[in-house]
Amino acid sequence: MNHSHEKTLINLKKAKSHIEKIIQMLEEGAYCIDVMQQNLAVIGLLKSAHQMLMEGHLNSCFKSAMATNQEAKKQKMIDEILKVSKLMNK
C-alpha cells in the first residue's frame, strides 16, 4: 500500500469514527449544533479522501491511459473522470 492510500484510509477511518459518534450523540439527544459540527467534520474528511483518491487515479491509471495510442481507452478514462466529477458536485 502506498503512502497516499494510507492517508486516505486514515481519513476514512476517522470519518467512520465520527459517524459512530454522531449516531451516539443523536441517540443521547445531544445539542443540534454539536451534532452538525461533527457532521461537517465527516463531510470534510470524506471530501479530503475523495480528493486523495482522485489525485492517485489521475497520477496512475489516467496518466497511463493517456500515454497509450488507444483512443477508446483514453475516451473511457475521460468519461469516467467526468462522471465522478459530476457526482461530486451534486
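Tabulated values for the structure
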read-out	value
Qualifying residues in region 20-50 (those that are β-branched (Val, Ile, Thr) and touching a helix residue (DSSP H, G or I) at 6+ places or on another chain (Cβ under 6 Å)) - the one farthest from Glu6 (Cα to Cα)	Val35
Helices (runs of 4 or more DSSP H) lying entirely in the chain (those with 3 or more residues that are within 14 Å of the chain's Cα centre (by Cα) and loosely packed, with under 11 Cβ neighbours inside 10 Å)	71-88
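Quick note: the coordinates plus some simple rules give every number you see, no bench work behind them. Quick caveat, the model's predicted, so the values are computed rather than measured. Every residue, glycine as well, gets a Cβ built from its backbone with ideal geometry; the counts of neighbours run over all protein chains shown.
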